[in-house]
Amino acid sequence: MVNYKFVHDKERCIRCGGCFAACKQQNGVPEDISRINIVTIDEGKSGERHITMTCMHCNDPPCVRACPVKGISKREDGIVINDKDKCIGCEYCSWACPFGAPKYPDTGPAELRGIMDKCTFCVIPYEQTDEYGTSILRAPNPKCAGFCATKARLGGDASEITATYNERVAGRLVERQIGV
Amino acid sequence: MATKTNSIFGGSDIKLSRRTFTKLTALGTAAALSGINSVSAYPEGLELFEEVTAAPAAATNKVKSICSFCSVGCGYTGVVEDGVWTKMEPWEDHPINLGGMCSKGTALANVTNSPRRLRYPMEKVGGTWRKISWDAALDKVANKLNEIRDTDGPDSVFFCGLVHGSNEEAYMFRKFAMLFGTNNIDHQARICHSTTVAGLLNTFGHGAMTNTVIAMQHAKCHFFFGSNAAEAHPVFMQKVFVAKERGAKIVVADPRFTRTAAMADKFVRFRPGSDIAFLYGLINVILENGWEDTEYVENRTYGFEYVKEAVKDYTPEVVERITWVPADDIREVASIIALNKPSNIIWSMGATQHSVGSQIIRASAILQCILGNQGEWGGGCVPIRGHCNVQGVTDMCVLSHFLPGYYGVTSEGSWDWYAKCFSDTPSTSGKITFDELKARFDTLNGESMMTKIGFAVSRWYEGVLKPEAEIDQPHNIKAVVLWGEATSSVTEMKREKEAMEKVDLVVIVDPFPTSASAMPDRSDGIILLPAATRQENSGSVTTTGREWQWRDTIIPPLYESKTDMWIFQELAKKLGFGDHFDYNSIEDVTREINLAVRPIGCQGQTPERMKRQKENYHTFDPWDGRAKGGPCDGEYWGLPWPCWTTDHPGTPILYNDKAPVMEGGHDFRAKWKYPDDEPNAGEEIVRGNLPPTGDGSGTIHWTYNYAKDPTGEVNEQALAEGNPPTGRGRAMLRVANTKWVDRVPKHREPIESPEPDLVATYPTYEDKKFYRVMTEFKTEQQRSIAENRHVNYPIVLTSGRQVEHHGGSAQTRNSDYLVQLQPEMYVEINPKVANDIGVKHWDFVWVKSARGQCKVRAYVTERVNEKTAFMPYHWAGVFEGQDYKDRYPTDGVELARGDSVNIIASPGYDEQTQMQETKVALCKIEKA
Amino acid sequence: MSHTAYVVFTVFSQMAVGALIAMVIADFLGKDKKFFETASWVIVPAVIISLVAILSHEARPLLAMMTMSANVGSSWLSRESLMLTVFAILAVIYTCLWIFEPEYGSFKRICKPVHGLIAKIAKPFVPFRKPLGIIFALVGIAFLFISARAYMLLGLPAMNHITTPLFFIVTALLTGTMLVAAVLSIKYMMAPKEYAEPLGAYLGVAWKVVLGSVIAGIIVLAGYLRILKGAAASYGAELAQGMTLTNILSGEMTTVFWLYVAIGFILTVILVAAVAAFLKKDVSKAAVLSIVLFASVLVGELMGRLVLFGANVPLGEVMPYVLSSII
């Protein structure tokens, strides 16, 4: 059973912004919000690191429990998606979410202003239906991870990406022992 | 709800009917704004509205191509739906980037579809921009160029740019200038890595990165010295991190705590412009501890004793005084790079853009030779080039002192060779003899201008502004052709602006109107020609690691824009040498390059081989870039030059004498002009194990005469004998050319030095006339001291890149995504400086130097120390605080504009190449 | 995030609960029911103001009204919304039991045609107004707790404490009691002689309730600040709480915080003392003062709520720091 997840490798992220631009383009996200935020910690100081913040597709998502209109759901493959038709824009999910993932745009199509938008693992773009009203559903193939310049952002089945990540961590730990 | 489309669930990434919306946004505005009903490139645009009921299956096309920003050579897939480029997808198995791209790369579609593109040729008449037809525009340009050619001579035209063009376009550009009859042609490599070329070429034999990006994974220590790869070449860091996870160390030496430095094991902050002293400090410590590779130094280098002598005085304590780096830090860095081998030295503009740039590169190369890293996988010199094809355009020598393939312009033999190639090539019908070619050039004092080095792009404006008597050409420059050249990347911008106002004609060939269209204060005489972007035409591009990749057309040129090849062909026709440009396809040009460009081994990169590699990319191992089985078995990705024959796999590691030449082995160049004072040096330079060659004379035992052999037989012979055609020589730790003032590098203070005491001990060069213009070294340095600039302008200003923008940034400052990420120009200042002048983060400040001033935001950060300030160099459109947005053509106003750091940068130039010294200037910062 | 909606919503919904409780107390106070009946009119408007406030915050208010209670199973917001609806209905019923009272109900003077039928329905229940009022007040208190529970989220570490419902109860008692007192004082001013005695009786109870509530409020606030400063469940929560405390004491909310302390506590205590002092000498002055006291309490509570919401740092904001400290 697949369980889609993201892993962020802060020892690789260099804040190139590739994930940001890839996401904007792939999902047509309006100007004033972004499904992915890059936060820099200790800028200009020793230990400076960059963290990308998106929906982490939690195993037990607090937003799903919090949403008063059952507008957020977790799919069988682990992806947490939101239904913009149901959303009332109460912003309660943003309080429940420990990652600050839900966003509420003030620009873009008028009928979607104030309606929650967040990462959908690239399954659903910003406008969830096409011009014929058909729901859009795509393969779980997150562009932020695919385009990540240094492969700091890993997206995919949890078992696979954690294996990759663990390998890197192990490599770094070994290096510390044998290093000068 | 209308007809349901054939939406694909799960299987594909693309929801087909989405294309209509994108097309409407991309083309609706285009048609509306261009004032015409049908856009030539998109006749089907009118059917947009009928698709609601029909909703036909869209023709989705996925095209793999190569990114056109930095030089790492990342591959991507463009998704084209019904002729509209809607999306990007990662090219996940591309051997170099494995799908990874930075923000610029992922915004490529956004850049190409930008509504701010130049849509049709335009001319500025009476202060307003007017649309003109292509025919009229080309006629005007050609007539004016012909007129100048007749009255003032061909040298009164200056061509520059084309750094993003393919190898083919670059070759055509140089050929164009050759046939026009001038050496006044240059491109951005002059201001980015010309010192690297000069430094490495005179040390090793080739002036290029000695590794591939892929090989970086094999290093045990990465020493970043004047490179902020994390921002300038993000995907390069992917390979660095792989190495790090395999135990490699990262050391960063930089005046600024960059994002690269943040990921380092050891960071040292040194004073801008003290690079050679720092490197010599390292070499001093290495020699003192006996960490040098004695065997390597003995077998593979020449002139070690001179280096030993030169570094003797640079003890860590002396170096501490010069560089502001604690002596213990120097010792620590030396131990890390010496004890974790193979180590390398990675640089970009931080090392090259100095008045001693060539010498800094020489010192870096010497360091690598002493450690024995040169020629190892992951070791050696790693200059990362700046633009997607700056390596290729350098190889095709859009330069005022070389012909394609580094044939020097000063030798008539080079011209003879090219006259032969132009006539013999099956790709074109034109014929020309050497004498006819020579006749196309002007003469000065009875000597042909053909063998005279032309103006450099960093100083071309002096050809306009200086009196005729002071420049080494018959008349002043009267017209300038900016072919994808950002005027904001050249220092002394005020003089450049003045020159652009003084010339008779400015031609700008670019996909965007660019800030160059707005900079000169003139009401007529600017012609804008809309060029296709690199995503709209094809050709081969060379990565920083010398790998040739085929760049495919994603979409045909939008609006009325045309490919560079088309423009060259039409313009050549109108100038009377169209028969030399009657190529049927871009591949024909590649074949002409295969024929002509021999010194660096461009025989193996045929269009067929490149395309075959592109189709079989999955057979290449990303660990070493070599194909394992399949149709490309044994070939290295991109056939890194030198690739001597069509059977050669390419040379990923230059000067690697451990592998057979047919497996990518190589060696230092053997053929040098012997130093006059050492007539027998040839014996020393050449390694003794070469077998005698075919002609029996015994005199050419040191090399093969392959560079002007049109048949390629000499290459075959050399390979059969197990040698690279360049011979087997030694690395020249002391340059052979006696014209160099410092044959072994020596620290010299920058032109504007914050340390007048040190200037007395380490003065710069004497003034020198080269590249047709007098260049002030000592005079300007002394002027700086006389004017007390180190007191009046107490902060050292350095400049560099932002990850979101690129070069002069005509493309990236017009992309919404990138502007959202990086909307404004700023100067990074230390919190102490900010507090002292009473400025808060993001307030406006004036940055002033002896040349001018910039009004920018203050970015308060500890990245810089209190003696240094940093500004990105991508910005233009604002000049000394004055926004030029009204001067652009309508609809072409750049989305984000900012003041240019090069208005205030230093007037220093490299002593070998006229490289501008952007990295060290003195400034002061005031509250605005 | 606009905090105004939450501030108005919470303060006014709590005010409504408090007013209902005050009316139940008043019901027990004396015989002059006609005087107290007037104050029963204010409960429903307070509920309506809070409803409008919270719906104005939604991107789709109409849809919100229809569907907000859809996830009672797991969402505390749904439960809050449901409880608010229940309370709003009960508030209307309770108000009806006052204003349709056959004897002194004031509705018939306003709109006779409508009055007949409802009065008929209400009539059998009017005698049970006191026990019903107690039940409704208990429901109101339950609503306060559920409402507070909706803000006690892992994602909002600074509010994830017992202090949140305590704040809400204090607000309810302070504002509700004084709202009724203010309305009664106005009524008293129209006919001073007639209503001096019942007003005196009510204010006699009210000032004690208010004083008690203010003291409770001070204790809760002190506890709240202590909690922010001290222990938290995890590193991230601790960080968020610390940043919240910074916002309150030396950040963007500092001014509002000290206004809250000055108006909500100091001025209120002074005014309560004054009301208590004047009550025995001059009821008319006490009436005027109690209107001022209501204003002071309301402004103080609005300020306090603004601090509570405005200074709040959600966990999402500090999460990058948490993530960066792992491995």
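Scanning segment B:297-319 for residues that are surrounded by fewer than 18 Cβ atoms within 10 Å (Cβ to Cβ) and either closer than 15 Å to residue B:372 by Cα or of a type outside the set (A, V, I, L, M, F, W, C) (or both) gives B:298, B:299, B:305, B:306, B:308, B:309, B:312, B:313, B:315, B:317. Residue check: is residue B:168 within 20 Å of residue B:638 (Cβ to Cβ) and acidic (Asp, Glu)? Here the answer is yes, as residue B:168 does meet what is asked.
Here's the yes/no breakdown for (1) within 7 Å of another protein chain (Cβ to nearest Cβ); (2) crowded, with 16+ Cβ neighbours inside 10 Å; (3) in contact (Cβ under 8 Å) with a residue 40 or more places away in the chain:
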position: A:128; (1), (2), (3): no, yes, yes
position: A:131; (1), (2), (3): yes, yes, no
position: A:135; (1), (2), (3): no, no, no
position: A:139; (1), (2), (3): yes, no, no
position: A:162; (1), (2), (3): no, no, yes
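Return a yes/no flag: does segment B:668-683 have any residue that is within 29 Å of the chain's Cα centre (by Cα), modelled with pLDDT of 70 or more, closer than 18 Å to residue B:546 by Cβ and outside any loop (DSSP other than H, G, I, E, B). For segment B:668-683, residues within 29 Å of the chain's Cα centre (by Cα), modelled with pLDDT of 70 or more, closer than 18 Å to residue B:546 by Cβ and outside any loop (DSSP other than H, G, I, E, B): absent.
Rundown of residues vs (1) of a type in the set (Ser, Thr, Tyr); (2) without any contact (Cβ under 8 Å) to a residue 40 or more places away in the chain; (3) surrounded by fewer than 19 Cβ atoms within 10 Å (Cβ to Cβ), yes/no style:
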site: C:32; (1), (2), (3): no, no, yes
site: C:36; (1), (2), (3): no, no, no
site: C:39; (1), (2), (3): no, no, no
site: C:45; (1), (2), (3): no, yes, yes
site: C:52; (1), (2), (3): no, yes, yes
site: C:57; (1), (2), (3): no, no, no
site: C:63; (1), (2), (3): no, yes, yes
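Here the helices (runs of 4 or more DSSP H) wholly within segment B:85-157 that include at least 3 residues being touching a strand residue (DSSP E or B) at 6+ places or on another chain (Cβ under 9 Å) and open to solvent by 40 Å² or more (accessible area, probe 1.4 Å) are B:134-151.
Of all the criteria given as (1) within 11 Å of chain A (Cβ to nearest Cβ); (2) open to solvent by 60 Å² or more (accessible area, probe 1.4 Å); (3) farther than 14 Å from residue A:70 by Cβ; (4) not polar (S, T, N, Q), the one not satisfied by residue C:25 is (1). Restricting segment A:87-114 to residues that are out of contact with any Pro (no Cβ under 8 Å at 6 or more places or on another chain) and within 7 Å of another protein chain (Cβ to nearest Cβ), the residue that is surrounded by the most Cβ atoms within 10 Å (Cβ to Cβ) is A:99.
Any idea which residue in segment A:9-29 is surrounded by the most Cβ atoms within 10 Å (Cβ to Cβ), counting only those that are more than 7 Å from every other protein chain (Cβ to nearest Cβ) and in contact with a strand residue (DSSP E or B) (Cβ under 9 Å, 6 or more places away or on another chain)? Selected residue: A:19. In segment B:261-269, the count of residues that are under 22 Å from residue B:196 (Cα atoms) and among the β-branched types (Val, Ile, Thr) is zero. Within segment A:30-50, the set of residues being open to solvent by 10 Å² or more (accessible area, probe 1.4 Å), part of a loop (DSSP other than H, G, I, E, B) and more than 10 Å from chain B (Cβ to nearest Cβ) comprises A:30, A:33. The numbered conditions (1) in contact (Cβ under 8 Å) with a residue 60 or more places away in the chain; (2) open to solvent by less than 10 Å² (accessible area, probe 1.4 Å); (3) in contact with a helix residue (DSSP H, G or I) (Cβ under 9 Å, 6 or more places away or on another chain) are all true for residue A:168 except (2).
Residue A:150 - would you say it is among the hydroxyl-bearing types (Ser, Thr, Tyr), surrounded by fewer than 20 Cβ atoms within 10 Å (Cβ to Cβ) and touching a residue at least 40 places away in the same chain (Cβ under 8 Å)? Taking the combined requirement at face value, the residue does not satisfy it. Among the residues of segment A:141-160, those identified as more than 10 Å from every other protein chain (Cβ to nearest Cβ) and hydrophobic (A, V, I, L, M, F, W, C) are A:154, A:158.
Quick grid of which residues meet (1) within 21 Å of residue B:158 (Cα to Cα); (2) open to solvent by 10 Å² or more (accessible area, probe 1.4 Å):
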| position | (1), (2) |
| --- | --- |
| B:385 | no, no |
| B:388 | no, no |
| B:394 | yes, no |
| B:400 | yes, no |
| B:403 | yes, no |
| B:412 | no, yes |
| B:420 | no, yes |
| B:423 | no, yes |
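Sort out which residues of segment B:555-587 are open to solvent by less than 50 Å² (accessible area, probe 1.4 Å) and among the charged types (D, E, K, R), and write them in order of number. Correct list: B:560, B:564, B:570, B:587. Here is the figure for segment B:534-554: residues that are among the acidic types (Asp, Glu) and open to solvent by 10 Å² or more (accessible area, probe 1.4 Å) total 1. Which members of segment C:131-151 meet the condition of being open to solvent by 20 Å² or more (accessible area, probe 1.4 Å) and free of Cβ contacts under 8 Å to residues at least 60 places away in the same chain? Within segment C:131-151, C:131, C:132, C:135, C:138, C:139, C:142, C:145 qualify. Inspection of segment C:74-86 finds a residue satisfying the criterion of being farther than 22 Å from residue C:138 by Cα, surrounded by fewer than 17 Cβ atoms within 10 Å (Cβ to Cβ) and within 12 Å of another protein chain (Cβ to nearest Cβ). Here residue B:162 meets each of (1) within 11 Å of another protein chain (Cβ to nearest Cβ); (2) at positive phi; (3) crowded, with 24+ Cβ neighbours inside 10 Å with one exception, condition (1). Just so you know, in segment A:70-86 the residues that are in a loop (DSSP other than H, G, I, E, B) and open to solvent by less than 10 Å² (accessible area, probe 1.4 Å) include one that is nearest to residue A:133 (Cα to Cα), and it is A:84. For segment C:147-158: of the residues being within 9 Å of chain A (Cβ to nearest Cβ) and assigned to a helix (DSSP H, G or I), which is nearest to residue C:71 (Cα to Cα)? If we take residues in segment C:147-158 being within 9 Å of chain A (Cβ to nearest Cβ) and assigned to a helix (DSSP H, G or I), then C:150 is nearest to residue C:71 (Cα to Cα).
Listed here are the residues, each with its yes/no results for (1) in contact with a strand residue (DSSP E or B) (Cβ under 8 Å, 6 or more places away or on another chain); (2) of a type in the set (S, T, N, Q); (3) in contact (Cβ under 8 Å) with a residue 40 or more places away in the chain; (4) within 30 Å of residue B:510 (Cα to Cα).
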{"position": "B:780", "(1), (2), (3), (4)": "no, no, yes, no"}
{"position": "B:783", "(1), (2), (3), (4)": "no, no, no, no"}
{"position": "B:786", "(1), (2), (3), (4)": "no, no, no, no"}
{"position": "B:790", "(1), (2), (3), (4)": "yes, no, yes, no"}
{"position": "B:802", "(1), (2), (3), (4)": "yes, yes, yes, yes"}
{"position": "B:843", "(1), (2), (3), (4)": "yes, no, yes, no"}
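The values are calculated or read from the model by the stated rules, or taken from the named source; none is laboratory data. Predicted, not measured: the structure shown is a model, and the values here were computed from it. No Cβ is skipped: glycine too gets one built from the backbone with ideal geometry, and neighbour counts run over all protein chains shown. Protein only, heavy atoms only, side chains kept; ligands, DNA and RNA dropped before computing areas. Shrake-Rupley method; radii C 1.70, N 1.55, O 1.52, S 1.80 Å.
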